[in-house]
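Taking it in order: structure first as structure tokens, then the write-up.
Just so it is clear, none of the values below were taken in a lab; they were calculated from the coordinates. Since the model is a prediction, treat every value here as computed from it, not as a measurement. Note that each Cβ is placed from the backbone with ideal geometry, even for glycine, and that neighbours are counted across all protein chains shown.
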Amino acid sequence: MDKLIQVGLTGGIASGKTTAAATLAALGAHVIDTDELARRALDPGEPAFEATVRVFGREILKADGAIDRERLGNIVFADSRQRQRLNDIVHPEVRAAWQGELIELKRAGWRGVVVVVIPLLYEVAVQDWFDAVIAVGCAETTQRRRLHERGLNEAQADARIRAQLPMPVKVERADFVAWNECSQAVLEQQMTRIWKRLESLAPAGGNISN
């Protein structure tokens with residue numbers, strides 16, 4: 001492959017995006033995880049950290065001075081206006097970070113597939129920035145079970161699921177879909193098939209779809 005292919009990877013919460021991205025990384029993709037960028041943006045000393053504390057108050061801080069992410073999450077997922085306030089702080093920082101990394105890869109002459117994991121890809125309307133979009137999906141009952149296994153109660157799970165576009169919408173809009181209702185091995189097999197499609201892109205190709 002002699003060009004840089006930009007791929008967006010999205011999906012609902014607890015759908016298996018992390019495993020899907022890890023599989024693509026093992027196959028040779030350069031992966032940029034915006035969830036990780038968002039976590040770093042809220043580390044002490046970062047501009048978004050300071051802005052978040054100003055907006056939500058020092059009550060969101062733990063004893064060591066770091067943001068209590070569980071407490072902040074409960075606040076923003078209980079109130080869409082509060083969630084938008086946090087998004088207005090964090091999203092510009094995250095977007096600048098992943099776009100900056102893409103620019104550096106291009107400047108370095110990097111060739112191959114770059115996968116940017118963006119859970120809210122369609123919600124923030126950046127799907128057209130990519131050569132292709134992969135959606136990882138599963139049934140809502142599976143999402144809830146996985147969220148419960150992570151320690152969330154029913155109300156917390158419901159709030160997080162409702163904060164995103166419905167899974168069928170994401171799946172319908174994507175170029176490639178991996179349906180994660182079986183074992184990790186099955187998801188990895190699906191991602192491997194998608195990878196082969198990405199590898200087969202012609203050097204002069206444009207947008208692709210399945």
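Quick notes on this one:
- Remark: pairs (first residue in the range 53-75, closer than 19 Å to ALA159 by Cβ; second residue part of a helix (DSSP H, G or I) and of a type in the set (Phe, Trp, Tyr); Cβ separation under 9 Å; 6+ apart in sequence or on different chains) = ILE67/PHE49; ILE67/PHE56; LEU72/PHE56; ILE75/PHE56.
- Residue within the range 119-126 that is under 15 Å from the mean Cα position of the chain (by Cα) and of a type in the set (Ser, Thr, Tyr) present: yes
- If the condition is being over 14 Å from TYR122 (Cβ atoms), in contact (Cβ under 8 Å) with a residue 60 or more places away in the chain and of a type outside the set (S, T, N, Q), then the range 166-180 contributes only ALA178.
- Count of residues meeting criterion [under 15 Å from LEU42 (Cα atoms), of a type in the set (Asp, Glu) and touching a residue at least 12 places away in the same chain (Cβ under 8 Å)] in the range 76-127: 1
- Output for the range 23-47, where each listed residue is over 20 Å from LEU102 (Cβ atoms) and surrounded by fewer than 19 Cβ atoms within 10 Å (Cβ to Cβ): ALA26, ASP43, PRO44, GLY45, GLU46, PRO47
- Which listed residue is farther than 25 Å from GLY8 by Cβ and either β-branched (Val, Ile, Thr) or out of contact with any strand residue (DSSP E or B) (no Cβ under 7 Å at 6 or more places or on another chain) (or both), from ALA22, ALA51: ALA51
- Criterion applied to LEU102, LEU198 was being more than 29 Å from PHE77 (Cα to Cα), over 18 Å from the mean Cα position of the chain (by Cα) and aliphatic (A, V, I, L, M), and the one residue passing it is LEU198.
- Hits in the range 133-165 - residues which are farther than 23 Å from ARG71 by Cα and touching a residue at least 12 places away in the same chain (Cβ under 8 Å): VAL133, ILE134, ALA135, VAL136, GLY137, CYS138, ALA139, GLU140, THR142, LEU165
Per-residue answers, yes or no, for (1) buried (at least 21 other Cβ atoms within 10 Å of the Cβ); (2) more than 15 Å from the chain's Cα centre (by Cα); (3) part of a loop (DSSP other than H, G, I, E, B); (4) not basic (Lys, Arg):
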position: ASP128; (1), (2), (3), (4): no, yes, no, yes
position: VAL136; (1), (2), (3), (4): yes, no, no, yes
position: ARG145; (1), (2), (3), (4): no, yes, no, no
position: ALA155; (1), (2), (3), (4): no, yes, no, yes
position: ALA185; (1), (2), (3), (4): no, yes, no, yes
position: MET191; (1), (2), (3), (4): yes, yes, no, yes
position: ILE194; (1), (2), (3), (4): yes, yes, no, yes
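- Residue count for the range 48-90 under the criterion of being crowded, with 18+ Cβ neighbours inside 10 Å and basic (Lys, Arg): the result is 0.
- Among (1) closer than 23 Å to ARG160 by Cα; (2) touching a residue at least 40 places away in the same chain (Cβ under 8 Å); (3) out of contact with any Cys (no Cβ under 6 Å at 6 or more places or on another chain) - the single one SER15 does not satisfy: (3)
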